[in-house]
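Here is the structure we will look at.
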Amino acid sequence: MATYDFIFDGLGLRNWCGDSGDDGGGMTSMAQLLAETSGNDVVVSGWETPFPSMDVLHEACTSFPQSRALTSGLEEGFLTIKDGLKVVVDPITQPLSWALEGALWVMQAVPWFIMIPLLMGIAYAVSRSVKLVGLVVLCFGFLAFVDYYSYTMQTLAIIFVCAIICVLFGVPIGISMSRSDRVQRTMIPILDMLQTLPPFVYLIPLIFLFSVTEPKLYGIAIILYAIVPVVRLTDLGIRLVDPDVIEAADAFGMTDRQKLFNVQIPLALPNIMAGVNQTIMMSLAMVVIASLVSAPGLGVLVLRGIRSLELGVGLLSGLGIVLLAIILDRVTKAALARINVSQSR
Amino acid sequence: MNEPDIKISIRKLYKIFGDDPQMGLQYVNDGMGKTDLLEEHKQVLGLNDINVDVPTGKTTVIMGLSGSGKSTLIRHLNRLIEPTAGEVWVDGDNILEYNDAELRHLRQHKMSMVFQKFALLPHRTVLQNAGLAPSIEGENERAYADEARKWLDRVGLQGQADQYPHQLSGGMQQRVGIARALTSNSDIMLMDEAFSALDPLIRTDMQHLLIELQAELQKTVVFITHDLDEALKLADHLVILKDGFVVQQGEPQHILLHPADPYIEDFVSDINRARVLRVRSVMSRTPDAQGGRAGEIDHDDTLESVIALSEGDTALSYRVMKDGAPVGVLDMRKLVRALVPSVQSDDPESARLSG
């Protein structure tokens, strides 16, 4: 006899259940196996009353599904909608594959003696700091010197593409959140989920959906993970714009569009840039995990270090990622600081 | 419906803040007061039956303590706040019937506003801030630069055009705010406690600036303040608000001499009356000047200056002149009586008719 027989008896569901106590050809629980090997029925004391979980209820009533039926049901459900989903999602996300492939090709095709000065130029244009340009040269020089140049460029290419797409989508989403409390209420749980869900969890359905060879697979994974800060901080930034200034804009007859582009976005820019900085950092973190699903770059080396226990490779590529992170962080922060100076009051 | 010299007229304006303002309005029409409405229905009576006429080319000061609804009232004039009921007529149009485009036109061309906290755009230069109104209409900086620079110079900001607001002091920022309002070339200027955030000396400077500008430009100014001294200094027409309704409105001198109720008496009791009251408000209106042997004074002189002239001798009386012609006589005894708040002028007509 199982503990919760009385529920099904009480509800008059015994017929629906079939014979109680019988394992009915279904799956067998560990307790039942133990009971069979020890040869006597399991005696359950009051102290050990199990929680009425799916498995325990299944013992009382074979028609009641076990928990493994739930997980396999989820899987089957996903597999059945997969094809339909793929028809829709595949063409929409195809440009992402092209962008990633293109960026990877460009970053590797351009020779180092053009690429490094170009990156120096970007760093200077953004930060106006010679010291920072020196840091950029030092880091890239070191990485190229230890023959990690092409890996670094691959990682950089992926981050550029993903960060740009994050900003492209994240800022408008953030703006719409800031303009409507209802959009904000629906978006916040989604953002919370994206931020807390372990990245491995959404890698699994993505693998089912796309083939592992397609760049968009890791592209989507990185974007989902990294878009959150720019959305949140855009929303916050626009909501924090001084209401007095907004009132002045209204009082002088600005249209909503003029208010958005001439007042709200410029004043929210420090916060938006802080979001962009966080987004870049998070895409860098995700690039390593994404190498599990064939993302090229420094992450591949880290993975090799783990898989074949090549300590040196793992350490050096880890250092490379740190250097890249420092450069990206300093350059975006310098840009942020310049905006802040021109707006401080 | 407007007399020719009335620019804005507010009729039966009500504003109720709450979940169901229309229901609140019903209660108010049935005679419920502000306190009861708040306690029983959790609705706040912001404005209660406001009727004000704003004369063209004059400064109308709306005065009240915090919570009296004065900032709410001024925001109804350009519909930054929508009323619960009532009418606001500007140049013969009820602006509450305006659609979005008409409302924007009103805000761009007819009314400009100066704010207590300046509300300048921190990412734009002083010049770009001053040129906000033309830039909203799509003019580029080169097109509006001359106009904006002219007004910046006029308010005393020569050579500051390329600064950013945060590089200026509070007083200078508010000068930018005023230049911004003037650059829009609108007839009406709404000033919401424009000088309240400034320290006293700078505030006095700014008051003089406004008086100068008014003498020159004759804009229709609606000025909000909680400071009676400021109100009396600037006002051609004074409206006193309390708890969302108009307690008294009229010529400032008249209000000072004939406070309508104890609330206003309280208010005006701390004022230096000698500095505010003018000869025309207390003189005896007799064209054929009997007496007045001691000398001639102008009808617009303050009592303070007359006291200085008489050297404190209460036995004297002066002949009052207006545009070179005698209009009355001021007896020093009467002047001294007018300085005591509780003693009213024994000739109320003279005060009402003056001005």
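The values are calculated or read from the model by the stated rules, or taken from the named source; none is laboratory data. Note that the structure is predicted; figures quoted are calculated from it, not measured. Don't worry about glycine lacking a Cβ; one is built from the backbone with ideal geometry, like all the others, and counts go over all protein chains shown.
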Looking at segment A:225-244, which of the residues that are of a type in the set (A, V, I, L, M) and surrounded by 20 or more Cβ atoms within 10 Å (Cβ to Cβ) is nearest to residue A:199 (Cα to Cα)?
A:226
Is at least one residue of segment B:85-95 in a strand (DSSP E or B), of a type in the set (A, V, I, L, M, F, W, C) and within 13 Å of chain A (Cβ to nearest Cβ)?
no
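Residue-wise test of (1) more than 32 Å from the chain's Cα centre (by Cα); (2) under 22 Å from residue A:279 (Cβ atoms); (3) among the charged types (D, E, K, R); (4) within 14 Å of chain B (Cβ to nearest Cβ).
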| residue | (1), (2), (3), (4) |
| --- | --- |
| A:230 | no, yes, no, no |
| A:237 | no, yes, no, yes |
| A:240 | no, yes, no, yes |
| A:249 | yes, no, no, yes |
| A:252 | yes, no, no, yes |
| A:260 | no, yes, no, yes |
| A:264 | no, yes, no, yes |
Looking at residue B:70, is it on the phi < 0 side of the Ramachandran plot and out of contact with any Ser or Thr (no Cβ under 6 Å at 6 or more places or on another chain)?
yes
Test residue A:276 against the stated conditions and say whether it is more than 10 Å from chain B (Cβ to nearest Cβ), assigned to a helix (DSSP H, G or I) and in contact (Cβ under 8 Å) with a residue 12 or more places away in the chain.
yes
Within segment B:57-84, can you find the residues that are among the polar types (S, T, N, Q) and either assigned to a strand (DSSP E or B) or surrounded by fewer than 18 Cβ atoms within 10 Å (Cβ to Cβ) (or both)?
B:59, B:60, B:66
For segment A:1-101, which helices (runs of 4 or more DSSP H) that fit wholly inside it have 3 or more residues that are at pLDDT 80 or above and farther than 30 Å from residue A:157 by Cα?
A:5-10, A:54-60
Which one of the conditions (1) farther than 30 Å from residue A:242 by Cα; (2) among the β-branched types (Val, Ile, Thr); (3) at pLDDT below 90 does residue A:126 fail to meet, given that it meets all the rest?
(1)
If you take the residues in segment B:28-45 that are under 10 Å from residue B:17 (Cα atoms) and not aliphatic (A, V, I, L, M), which one is surrounded by the fewest Cβ atoms within 10 Å (Cβ to Cβ)?
B:42
Is there a residue in segment B:133-140 that is within 11 Å of chain A (Cβ to nearest Cβ) and buried (at least 22 other Cβ atoms within 10 Å of the Cβ)?
yes
For segment B:96-118, the count of residues that are more than 12 Å from chain A (Cβ to nearest Cβ) and either farther than 30 Å from residue B:35 by Cα or assigned to a loop (DSSP other than H, G, I, E, B) (or both) equals 2
Any residue at all in segment B:119-141 that is assigned to a strand (DSSP E or B), modelled with pLDDT of 90 or more and not β-branched (Val, Ile, Thr)?
no
Considering each residue of segment B:177-192, count those that are within 12 Å of chain A (Cβ to nearest Cβ) and closer than 11 Å to residue B:115 by Cβ, and give that number.
6
Any residue that is in contact with a Leu (Cβ under 9 Å, 6 or more places away or on another chain), buried (at least 20 other Cβ atoms within 10 Å of the Cβ) and of a type outside the set (D, E, K, R) - is there at least one of those in segment A:299-306?
yes
Residue A:319 vs (1) surrounded by fewer than 22 Cβ atoms within 10 Å (Cβ to Cβ); (2) free of Cβ contacts under 8 Å to residues at least 24 places away in the same chain; (3) within 14 Å of chain B (Cβ to nearest Cβ): all pass except (3)
So which residues in segment A:122-152 are more than 17 Å from residue A:331 (Cα to Cα) and of a type in the set (A, V, I, L, M)?
A:143, A:144, A:146
Any chance segment A:279-293 includes a residue that's in a helix (DSSP H, G or I) and within 14 Å of chain B (Cβ to nearest Cβ)?
no
Checking residue A:241 against (1) in a loop (DSSP other than H, G, I, E, B); (2) of a type outside the set (Gly, Ala, Ser); (3) farther than 30 Å from residue B:110 by Cα, the condition it does not meet
(3)
